[in-house]
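Engineer: Would you mind keeping the following structure in view while I ask a few things?
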Amino acid sequence: MRGYNGTILAYGQTSCGKTYTMEGPSIDDEEKKGIIPRMVNVIFDAVMDADDAIEFSIAVSYVEIYMEKIRDLLDPARANLSIQMDKSGGGGTYVDASELYVGSPEDVMQCMRRGSVNRTTQATRMNEESSRSHSIFIVTVVQKNRRNGAELRGKLYLVDLAGSEKVSKTHAEGQAMEEAKQINKSLSCLGQVINHLTDGKSTHIPYRDSKLTRLLSESLGGNSKTCLMLNCSISSYNEEETVSTLRFGQRAKKIKNQAIVNLEYSAEELRRMIDQLNKELVLEKARVADLEAGGAQDEGGATPGEHREGVQELLALKEELTEQNQELQDEVEMLQEVQDELLESLQQKEIEDKSADDIMQLRADADLMLESLAELKFDNEKKDLMIEDLARKLAYTEEELSRLTLEKPQSAEEMKHLAKLDDMKISTPTGKSAAQEAKLKSLEQYNARCEQWILAQSAAGGQVLEQLRSQLDDLETEGRSVQKEDAAMTVVVRTLEDKVEEQAMLMSDQAAQFEQWKNVIKQELEQKCARIVAIETELNEEKENNKLMMSSGTVSYTHLTLPTKRIV
């Protein structure tokens with residue numbers, strides 16, 4: 001991500017876990033995933049955390065070296081690719097394999113699955129899925145700064161080497177034996193290249209003896225930061241191969257690569273840098289001319305040759321001070337980066353504080369909802385009591401209606417009795433008709449009052465019954481809606497409580513990490529500040545010494561200092 005080339009190689013004998021190290025048991029296994037899925041996640045995490053002015057372009061390639069032929073695993077039809085020299089200025093070698101641009105870790109994993117299906121494997125006596133080829137997964141990251149047009153380019157080679165094997169142990173035959181020969185040959189060439197790079201005497205490195213060493217020439221002894229993963233068997237049966245692997249790693253550790261940042265400036269930026277250098281060159285030439293002219297007229301009688309020697313000493317001193325100034329600038333830039341990171345962390349802390357306020361507000365809202373829920377429960381209990389009271393009244397009214405219904409036939413019997421009396425009225429003597437009529441009228445009046453009372457009670461009871469039934473239906477509907485609201489409110493409250501607890505735990509963890517990181521940054525900042533103060537003190541002392549020597553009259557060219565530009 002900083003513009004360097006990088007390489008990770010897995011080396012070892014067959015069946016010792018090289019593919020497991022690079023890919024894991026499965027690239028989809030989150031817990032046991034290998035180096036390649038983890039590196040992909042690191043790259044995309046860095047992309048997400050980068051400045052908005054940086055534009056990223058990420059491409060992947062996947063090839064294998066099988067029987068000394070380079071195959072494109074993303075396009076199996078391309079089975080014999082050639083190695084070419086990079087003439088764009090970066091040097092090194094490359095193969096014209098398919099490049100797929102990706103935008104997420106899942107896209108990269110999809111390319112891995114696609115290539116793994118096409119990779120050559122075969123079962124042997126030592127490994128059920130023995131890799132019969134060297135696989136190389138290449139990730140190219142290009143960063144373009146939209147502010148100044150500068151471009152950073154870096155390549156990451158993730159190499160899963162085929163394991164060395166003894167035919168006496170694997171019992172390989174036929175095609176498997178030919179594959180084993182080619183694998184051992186390429187690994188032998190790799191060992192020869194390592195030996196030539198580390199013996200300190202060789203003037204020629206045999207990169208071209210193998211497709212593997214030719215393709216990885218920059219990774220082995222050039223512009224790359226390389227990491228070698230040694231895979232060894234734990235069985236004493238493989239003791240010789242384990243010792244050989246460790247010796248190989250011991251030799252490879254002596255290689256010192258010179259990795260550089262692959263930075264390309266835009267034409268506008270290069271013109272600006274050239275103009276600045278030309279201005280500085282003109283100023284330095286004018287300063288040298290002034291010193292030479294002043295030296296020719298020196299009262300001390302020094303010759304122009306002596307003045308030229310003094311000027312050369314001044315220039316040497318200027319270069320030394322320029323280097324010191326550059327170191328100071330680098331340290332100041334580093335401190336500026338640390339300061340920017342600290343400011344970002346403080347801004348993050350403010351955001352976290354704001355999140356804490358939001359959590360407090362959520363807790364307050366949750367408390368209010370709990371209070372509302374308690375009130376709803378209380379109202380629900382009151383309505384339940386009202387429903388029970390109305391139910392009791394309804395039962396009482398129904399009993400009254402039943403009783404009135406039972407009393408109505410008695411009045412009907414009285415009407416029959418009155419009818420009999422009316423019939424008897426014709427046959428009775430005349431002397432008793434007045435008493436009988438009076439009794440009959442009173443019975444008729446009583447019967448009329450009874451019927452009116454029954455009708456009134458029936459009407460009133462029916463109205464009351466309908467009202468009670470209507471109120472009971474309304475209360476049941478309202479009770480069901482309240483129960484639904486109660487259940488929904490309970491779910492909301494539980495969800496809010498879970499969110500509040502989760503946010504509180506996350507805030508606690510982030511606060512602890514932030515304090516730890518803040519302490520580390522503070523210590524580094526104090527060390528850098530102390531270093532700057534010490535360097536400035538040394539420079540001031542040197543300037544004071546030069547001033548004292550100049551004021552004493554014994555001027556020596558070796559103590560004259562030229563003003564240098566410093567960035568603070």
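Engineer: Which residues, counting only those in the range 492-538, are basic (K, R), under 30 Å from E333 (Cα atoms) and free of Cβ contacts under 8 Å to residues at least 12 places away in the same chain?
Structural biologist: K522
For every residue, the table says whether it meets (1) open to solvent by 30 Å² or more (accessible area, probe 1.4 Å); (2) aliphatic (A, V, I, L, M); (3) more than 16 Å from I8 (Cα to Cα).
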residue	(1), (2), (3)
L158	no, yes, no
G163	no, no, no
M177	yes, yes, yes
K181	yes, no, yes
S210	no, no, yes
E218	yes, no, no
G222	no, no, no
M229	yes, yes, no
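Engineer: Just for the range 25-48: of the residues that are within 22 Å of Q122 (Cβ to Cβ) and free of Cβ contacts under 8 Å to residues at least 40 places away in the same chain, which one is least open to solvent (accessible area, probe 1.4 Å)?
Structural biologist: Once the filter is applied, the top-ranked residue is G34.
Engineer: Which count do you get for residues in the range 183-208 that are among the small types (G, A, S), open to solvent by 40 Å² or more (accessible area, probe 1.4 Å) and under 17 Å from L161 (Cβ atoms)?
Structural biologist: 1
Engineer: In the range 254-292, which residues are surrounded by 11 or more Cβ atoms within 10 Å (Cβ to Cβ), within 26 Å of R2 (Cα to Cα) and either in contact (Cβ under 8 Å) with a residue 24 or more places away in the chain or small (G, A, S) (or both)?
Structural biologist: Within the range 254-292, K254, I255, N257, A259, I260, V261, N262, L263, E264, Y265, S266, E269 qualify.
Engineer: Out of curiosity, is M507 open to solvent by less than 90 Å² (accessible area, probe 1.4 Å) and modelled with pLDDT of 75 or more?
Structural biologist: Spelling it out, M507 is indeed open to solvent by less than 90 Å² (accessible area, probe 1.4 Å) and modelled with pLDDT of 75 or more.
Engineer: Just one of Y94, Y62, Y20, Y66 is open to solvent by 50 Å² or more (accessible area, probe 1.4 Å), hydroxyl-bearing (S, T, Y) and more than 25 Å from Y265 (Cα to Cα); which is it? Before the answer, list the steps.
Structural biologist: Values: Y94 fails: more than 25 Å from Y265 (Cα to Cα); Y62 fails: open to solvent by 50 Å² or more (accessible area, probe 1.4 Å); Y66 fails: open to solvent by 50 Å² or more (accessible area, probe 1.4 Å).
Y20 is the lone residue from the list that is open to solvent by 50 Å² or more (accessible area, probe 1.4 Å), hydroxyl-bearing (S, T, Y) and more than 25 Å from Y265 (Cα to Cα).
Engineer: Test G12 against the criterion of being in contact with a strand residue (DSSP E or B) (Cβ under 6 Å, 6 or more places away or on another chain), within 19 Å of N238 (Cα to Cα), small (G, A, S) and at pLDDT 90 or above, and give yes or no.
Structural biologist: For G12, the condition - in contact with a strand residue (DSSP E or B) (Cβ under 6 Å, 6 or more places away or on another chain), within 19 Å of N238 (Cα to Cα), small (G, A, S) and at pLDDT 90 or above - is met.
Engineer: Looking at the range 233-255, which of its residues are more than 17 Å from A162 (Cβ to Cβ), out of contact with any strand residue (DSSP E or B) (no Cβ under 6 Å at 6 or more places or on another chain) and not polar (S, T, N, Q)?
Structural biologist: Passing the criteria: I234, Y237, E239, E240, V243, L246, R247, R251, K253, K254, I255.
Engineer: Here are the criteria: (1) more than 24 Å from Q182 (Cβ to Cβ); (2) open to solvent by 30 Å² or more (accessible area, probe 1.4 Å); (3) part of a strand (DSSP E or B). Tell me which single one Y4 does not satisfy.
Structural biologist: In the conditions (1) more than 24 Å from Q182 (Cβ to Cβ); (2) open to solvent by 30 Å² or more (accessible area, probe 1.4 Å); (3) part of a strand (DSSP E or B), Y4 misses (3) alone.
Engineer: Taking into account only those residues within the range 97-124 that are farther than 19 Å from D72 by Cβ and touching a residue at least 12 places away in the same chain (Cβ under 8 Å), which is surrounded by the most Cβ atoms within 10 Å (Cβ to Cβ)?
Structural biologist: Selected residue: T124.
Engineer: Is it the case that D51 is exposed (fewer than 13 other Cβ atoms within 10 Å of the Cβ), outside any helix (DSSP H, G or I) and not hydrophobic (A, V, I, L, M, F, W, C)? Spell out how you get there, then give the answer.
Structural biologist: Working: exposed (fewer than 13 other Cβ atoms within 10 Å of the Cβ): yes; outside any helix (DSSP H, G or I): yes; not hydrophobic (A, V, I, L, M, F, W, C): yes.
Yes; evaluated as a whole, the condition is true for this residue.
Engineer: Any residue that is open to solvent by 40 Å² or more (accessible area, probe 1.4 Å), of a type in the set (F, W, Y), at pLDDT below 75 and assigned to a helix (DSSP H, G or I) - is there at least one of those in the range 448-466?
Structural biologist: Taking the range 448-466 as the starting set, the residues that turn out to be open to solvent by 40 Å² or more (accessible area, probe 1.4 Å) are 448-449, 451-453, 455-460, 463-464, 466.
If we keep only those that are of a type in the set (F, W, Y) too, we end up with 453.
Within this subset, residues satisfying the condition of being at pLDDT below 75 are 453.
Right, trim to assigned to a helix (DSSP H, G or I) and you get 453.
Within the range 448-466, one or more residues are open to solvent by 40 Å² or more (accessible area, probe 1.4 Å), of a type in the set (F, W, Y), at pLDDT below 75 and assigned to a helix (DSSP H, G or I).
Engineer: So which residues in the range 229-273 are part of a loop (DSSP other than H, G, I, E, B) and touching a Phe, Trp or Tyr at 6+ places or on another chain (Cβ under 8 Å), if there are any at all?
Structural biologist: Residues of the range 229-273 part of a loop (DSSP other than H, G, I, E, B): 232-235, 253-262, 265-266.
Within the range 229-273, A259, I260, V261, N262 qualify.
Engineer: Mind checking which residues of the range 234-243 are loosely packed, with under 15 Cβ neighbours inside 10 Å and not acidic (D, E)?
Structural biologist: Going residue by residue through the range 234-243, those that are loosely packed, with under 15 Cβ neighbours inside 10 Å are 234-237, 239-240, 243.
Matches in the range 234-243: I234, S235, S236, Y237, V243.
Engineer: Among the residues of the range 1-22, which ones are of a type outside the set (A, V, I, L, M, F, W, C) and farther than 22 Å from E241 by Cβ?
Structural biologist: R2, G3, Y4, N5, G6, T7
The values are calculated or read from the model by the stated rules, or taken from the named source; none is laboratory data. Model, not experiment: these values are computed from the prediction. Heads up, the Cβs are rebuilt from the backbone with ideal geometry, glycines too, and the neighbour counts pull from every protein chain shown. These accessible areas exclude ligands, DNA and RNA; they are computed on the full protein's heavy atoms, side chains included. Shrake-Rupley method; radii C 1.70, N 1.55, O 1.52, S 1.80 Å.
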